[in-house]
Each structure stands twice: as C-alpha cells, then as structure tokens.
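Written below as structure tokens is the structure these notes are about.
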Amino acid sequence: MSDTHSLAAQFVMPKTETRTHPSDPDSLAKEILAKLAYAVGKDPLAVYGTNCFKFGTESQEDARAWLTRELHIVQPKLVVAMGEKTVSFLDNLGFPLADAVEGSELGVVRRLTPTVEVLLTPDVDASLDEQDAKTEFWNAFKALGPWWAEQPPY
C-alpha cells in the first residue's frame, strides 16, 4: 500500500525480516492492512507501507540507514510499528529527537518525535491464526480510527 502523495498520513512497518515462504507473501500483509484501514474508516491509499529490511540481504546498519532516509522523505504523521522486533529496530534507528518506543503500551498513540506519533501493535503475521491474537491485534490497531478522526481535513 503506498500513497502517490509524498507525505503519507501513516507509515506502517509490519515486519523486520524478508519472508521467503510461499504461503506468507508480502501481499497478504498488505491486503490485511488495507482491509483494517478501511474498517477504521481510513482510505487505504493514504497509508504508506514498508518493511524494516528492504531486500533481505542488507546488514542491519544498511537497513537502518534506508529506513531513516525513508522516514525523512515520507514525513509521516504516524508510524504504526507492528511487533516487538519492529519496535526494537525503530528504537535503534537513532532518529533525531526520537523518544524510546520499547515498553510503550499497545494500542496507544504517543509521541515518537516532535512531528511524528507512533502506534504499537502486535506482529500482524503472528496475529493471523488464533482468535486471541487477532483480538489483541485489532484492539491495538483500531486506535488508528480515533487518531485519524482528530486530524485536520487537509
């Protein structure tokens, strides 16, 4: 899911590693996120989705540099960090003026930087099968709806 506009409202980081298993393609996570965005009254095209690792072959240092550049270019209003590995990766970016995210409550929008907020959810991939995991993910993700409703219409 990507927005053709350079300034996305949300910047979703669903995973920290590249999947190679054919039953778990990237398109599944994107489809789920599009449906979730729609369910909370959000246009899925206003969401910019990315992964912490772009190619699966780069070092952590290179991946952090890519994601930092991406955050600077996209300038999201909200980052949705999905899963503990993503939170750890985000904390290790060393992004200017960023608050630590680890230890934050799931489903609560809070400050990441002076211009970016963050919403933590469980890992979407780990939330696909068991009902309790689905409920935990949805309860955290649905905080996007009220956050979006509070944003100015421009």
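The values are calculated or read from the model by the stated rules, or taken from the named source; none is laboratory data. It should be emphasised that the depicted structure is a prediction, and the values quoted were computed from it without experimental measurement. Here the Cβ positions follow ideal geometry from the backbone for every residue, glycine too, while neighbour counts run over all protein chains shown.
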Breaking point among (1) small (G, A, S); (2) over 13 Å from the mean Cα position of the chain (by Cα); (3) closer than 25 Å to N92 by Cα, for A140
(2)
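Out of segment 133-153, which residues are in contact (Cβ under 8 Å) with a residue 24 or more places away in the chain, of a type outside the set (S, T, N, Q) and part of a helix (DSSP H, G or I)?
Step one: filter segment 133-153 for residues in contact (Cβ under 8 Å) with a residue 24 or more places away in the chain, giving 136, 138-145, 147-149, 151.
Filter again for of a type outside the set (S, T, N, Q), leaving 136, 138, 140-145, 147-149.
Selection gives E136, W138, A140, F141, L144, G145, W147, W148, A149.
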From the residues in segment 117-154 that are charged (D, E, K, R), within 19 Å of E102 (Cβ to Cβ) and out of contact with any Leu (no Cβ under 6 Å at 6 or more places or on another chain), which one is modelled with the highest pLDDT?
E136
Any idea how many residues of segment 52-89 are part of a loop (DSSP other than H, G, I, E, B) and polar (S, T, N, Q)?
3
If you go through segment 41-59 one residue at a time, do you hit one that is at pLDDT 85 or above and loosely packed, with under 14 Cβ neighbours inside 10 Å?
yes
Those residues that are part of a loop (DSSP other than H, G, I, E, B) and surrounded by fewer than 15 Cβ atoms within 10 Å (Cβ to Cβ), I need them from segment 107-128; list them, please.
V108, T113, P114, T115, L128
Quick check: is even one residue across segment 129-142 surrounded by 12 or more Cβ atoms within 10 Å (Cβ to Cβ), in contact with a Lys or Arg (Cβ under 9 Å, 6 or more places away or on another chain) and within 17 Å of G83 (Cβ to Cβ)?
no
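Looking at this structure, is F11 among the aromatic types (F, W, Y) and modelled with pLDDT under 75? Break it down into steps so the answer makes sense when it comes.
Numbers: among the aromatic types (F, W, Y): yes; modelled with pLDDT under 75: yes.
Judged against the criteria, F11 is a match.
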If we scan segment 90-103, do we find a residue that is surrounded by 14 or more Cβ atoms within 10 Å (Cβ to Cβ), in a helix (DSSP H, G or I), modelled with pLDDT of 90 or more and not small (G, A, S)?
yes
